[in-house]
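The values are calculated or read from the model by the stated rules, or taken from the named source; none is laboratory data. In this text, all values refer to a predicted model and were calculated from it rather than measured experimentally. Here the Cβ is made from the backbone with ideal geometry for all residues, glycine too, and neighbour counts use every protein chain on show. When the accessible area is computed, the model is the full protein with side chains, heavy atoms only, and any ligands, DNA or RNA have been set aside. Shrake-Rupley method; radii C 1.70, N 1.55, O 1.52, S 1.80 Å.
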Amino acid sequence: MKLTQQGKKILTCKDFFCTESHPKSTGMVIFGASGDLTHRKLIPSLFNLFLKDLLPDDFYIVGISRTNFTDDTFREKIVAELSNENDVDSDEKLREFSKRCFYLSGDYESLSLYSDLKWRIKELDKEFHTDMNKIFYMAVPPDLYTSIIENLGDLGLTYDDGSSYSRVIVEKPFGFDLESATELDRKLHLVLREDQIYRIDHYLGKETVQNILIFRFANSLFEPIWNNHYIDNVQITVAEELGVEHRAGYYEHAGVIRDMFQNHMMQLLSLVAMEPPASFGANEIHDEKIKLFRSVRRFPKNANEWIIRGQYGAGKINGNDVVGYRNENGVSPESKTETFAAVKFLIDNWRWNGVPFYMKSGKRLQKRVSEIIVAFKRVPHSIFPQLSVDDIPANILKINIQPEEGIVLTFQAKHPGPKLCMSTLTMDFDYEEVFGDKPPDAYERLLLDCMLGDQTLFIRDDVMKEAWSIFTPVLESWENAPEEQVNRELHIYPSGSWGPPEADELLKKDGREWYQL
Ligand code: BG6
C-alpha cells in the first residue's frame, strides 16, 4: 500500500525547503589520481557537481600520482571515462570540465614533488582566482598520509589564516586500532587544526543516511516513542554480494570489524540512537555522537557472547559459482580474517536501557542491502478474543539505505471479509518514485560540504577514537587467541547465504529474530 494524496498513488512532495550555498573558488589536489577511488568516485562526483552548477565558478583539479601522465593524457582518460557514463548532451560540458584538470607525476616521498606542486598551485591560483583556497584529497594508501601532509606543511601549503583556506580530506582506514589512530591523529595535528581535517565516511554522504536526522527531528510523531518504552530492538544490516575483489592486500589485515563496523556501522548507530542535538551544526551533532559512544556498553571479556564472526566459503551469487575467501587472489589459504560479523550492542543511558541493537555486515551475502529496522514493542494486551498478544505482529519501521532507498512502516489493519480478519500492511515511501531519480552519489555531497567548510558529515577526532576504543580490545583479543579458539569462533558460511547460523542464535537466545521485510 502506498500513501495516497488527492487520489494519487504516490506521496507527493508538497512543500519543501531547500538551501544550498555556493562554495568559494577553490583548487582540489588529489593524491592518488591514477587510483580506483579517483576514477570511480571523485572525478565523476566532481563532474556531476559541475553539471548541476554546484561547483564554484572558478575551480581547478590537480591529480597527482606516480604514474607518468601529462595534463593531456590525464584529461583524455577523464573524458573517455566520463563519456562512457554520460550522454552526448554533456559533451561540451565535458570539454569545459576537463580543461580545468591538470596533472603532476612524482614520488610522494620526494621533496621536488611538493615544490613543483607549490609552483603549480601559484600558477593555477592566478589563472582561476582561487585566493589560494585549496583542498588536498588523500586517495592514497594510509601509510602515506603522514609524509604527504608533513611535506605540504613544510612548504607552507597547509597555511590557513581564515581568509584563504587549506583543508585535507582523509580517507578511511583512519588507523588500525586505537593506538595507531591516536598516533596518526597526533601527527596530523602537528600540521593541521581540527577544522582543517575532514575524515571521510562515505556512508554519511548517502541521502538516506542524512534523512535519519530529518526523519527523527523534523517530525513530532516518532521522537516521543523513540525509546525503551516503545522500541523492543533495533537491527542494522549492511550486506554485500561482492567479495573481497582486488583488495586482499588491504582486507586481509582489516576484516569486517575495521572495514565496516568501526566507521560506517557505528555512524549509522549514532544517527539512530543519539539524543537531539542542540542544533543542526557540526559540533553539536558530533557532541551527541561522542556522548552516545561513551554510553555504549563495552563488550564482555568473552566477546563471543556478543560478536559472531564468519568468513565466506564457496557458494553461489546470483546463480554463479564463486570461490571462498581463502581461494581469492592474494588471500592466504589459512586466512583467519573475518568477512562477516553480527554484533549485539547495549546502550547504557535513560533512553535505551534494555534495548538491544543488533548489527550485521558481511561480504558475499545473499543480497546487497543496507537497512535499519526499528522493531516496536507488541501491543500490551489483545482485546480480540481469538488472538493472543503474540499473534499481533509488532510495528516495524524500516529505513532502506540502499539499494531501494526509502522508508517502510508496517501496521495492522482490518482485511475485508469476516468480522475479525487482520493483516499487516505497509506504508512505503520510495525515494525514486517520489523524487523521480536515484539519490546522488555520497561523494558529491561530501566534496561539496568540504568546499563549503561544513564538517557535519565528517568524523571528528574524539568520535573516531571513541569508536576505536569500543572495538580495539576485541580485535586485540582475537589476535592473541590460540589457533583452536579462532577456528572454533570463525564460522565459515556459504557465499550467497545470510551468514552463519550462529548469527541467528545471537538473537534467538534473546527470544528474537532478524526481521526480513
Ligand atoms: C567501503 C569498504 O568503505 O564500503 C568496502 O571498504 C565496502 O569493503 C564499501 O564494500 C561498501 O560501500 P557501499 O556504499 O557500496 O555500501
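Taking the Cα centre of each part, how many Å lie between segment 477-517 and segment 321-394?
Using only Cα atoms, the two centres lie 11 Å from each other.
Quick check: the angle from helix 111-128's long axis to the longest principal axis of the chain, C-alpha only, nearest 10 degrees?
90 degrees
Once you have the alpha carbon radius of gyration of segment 218-345, what is it after dividing by 2.2 N^0.38 Å, with N set to its residue count?
This ratio for segment 218-345 stands at 1.33.
List every residue whose amide H lies under 5 Å from the amide H of residue 347, counting only residues 5 or more places away in sequence or on a different chain, with H placed 1.01 Å from N in the peptide plane.
Excluding prolines and chain starts, which carry no amide H, the hits are 297, 354, 355.
Would you mind checking the pairs 289/465; 41/398; 99/134 and listing those with alpha carbons more than 22 angstrom apart?
Working: 289/465 12 Å; 41/398 28 Å; 99/134 18 Å.
41/398, as the Cα separations exceed 22 Å there.
Helix 442-452 sits at what angle to the longest principal axis of the chain, using alpha carbons and giving 0 to 90 degrees rounded to 10?
Between helix and principal axis, roughly 50 degrees.
Which value in nm describes the separation of the simple spin-label points at residue 413 and residue 388, placed 7 Å from the Cα toward the beta carbon?
Here the modelled spin labels are 2.9 nm apart.
Kindly work out what percent of the DSSP beta bridges joining two residues of the chain are antiparallel, to the nearest 5.
Here the antiparallel bridges make up roughly 55 percent for the chain.
Compute the Kirkwood hydrodynamic radius of the chain, taking the inverse of the mean of 1/r over all pairs of distinct Cα atoms, and give it in Å to one decimal. Could you put the intermediate results ahead of the total?
Numbers: mean 1/r = 0.0400 Å⁻¹.
Hydrodynamic radius (Kirkwood, Cα pairs) of the chain is 25.0 Å.
Using θ = phi - 60° and the Karplus form 6.51 cos²θ - 1.76 cosθ + 1.60, what ³J(HN,Hα) does each residue of segment 237-242 get, whole Hz, x for Gly and Pro?
Taking θ as phi minus 60°, the curve returns 10, 10, 10, 10, 8, 5 Hz for segment 237-242.
Treat every Asp and Glu Cβ in the chain as -1 and every Lys and Arg Cβ as +1, leave all other atoms uncharged, and give the resulting dipole magnitude about the Cα centre to the nearest 20 debye.
Charge dipole, the chain, about its Cα centre: 1540 debye, nearest 20.
Over the chain, what relative contact order in percent results from Cα pairs under 8 Å that are six or more residues apart? All intermediate terms of the calculation are to be shown ahead of the outcome.
Values: 894 pairs, mean separation 92.6, N = 517.
Reported as a whole number, the value is 18 percent.
Can you show me the helix-derived [θ] at 222 nm for the chain, built from DSSP H runs with n ≥ 4 at -39,500 (n - 2.57) apiece and divided by the number of residues, rounded to the nearest 500.
Working: 15 runs with 165 residues, N = 517.
Result for the chain: -9500 deg cm²/dmol, rounded to the nearest 500.
Report, in listed order, any pair from 360/414; 344/438; 377/508 with a Cα-Cα distance greater than 27 Å.
Too far apart for the 27 Å limit: 360/414; 344/438.
How large a share of the accessible area of the chain, in percent, is made up of carbon and sulfur atoms when the probe is 1.4 Å and the other protein chains stay in place? Mind showing how you got there, number by number?
Values: 12250 of 23860 Å².
Of all accessible area on the chain, carbon and sulfur atoms account for 51 percent.
Please compute the contact order of segment 261-329 in relative form: average sequence separation of alpha-carbon pairs under 8 Å and at least six residues apart, divided by the residue count, as a percent.
17 percent
Under 12 Å between alpha carbons, and skipping anything fewer than 8 positions from residue 126 in its own chain: which aspartates and glutamates qualify?
Here the aspartates and glutamates satisfying the reach criterion relative to residue 126 are 58.
Can you tell me the relative contact order of segment 302-373? Whole percent, Cα pairs under 8 Å, sequence separation 6 or more.
28 percent
What accessible area per residue comes out for the chain, rounded to a whole number of Å², with a 1.4 Å probe? Before the final figure, lay out the partial values.
On the way: 23860 Å² over 517 residues.
Value returned for the chain: 46 Å² of accessible area per residue.
Compute the helix-to-body angle for 207-217: its Cα long axis versus the longest principal axis of the chain, expressed 0 to 90° and rounded to tens.
60 degrees
Once you sort the root eigenvalues of the Cα gyration tensor of segment 123-206 as a ≥ b ≥ c, which label holds: rounded (a/c under 1.5), prolate (a/b larger than b/c) or oblate (the other case)?
Taking the square roots of the gyration eigenvalues as a ≥ b ≥ c, segment 123-206 is prolate.
Just the Kirkwood number for segment 98-164, please: inverse of mean 1/r across all distinct Cα pairs, in Å, one decimal.
13.0 Å
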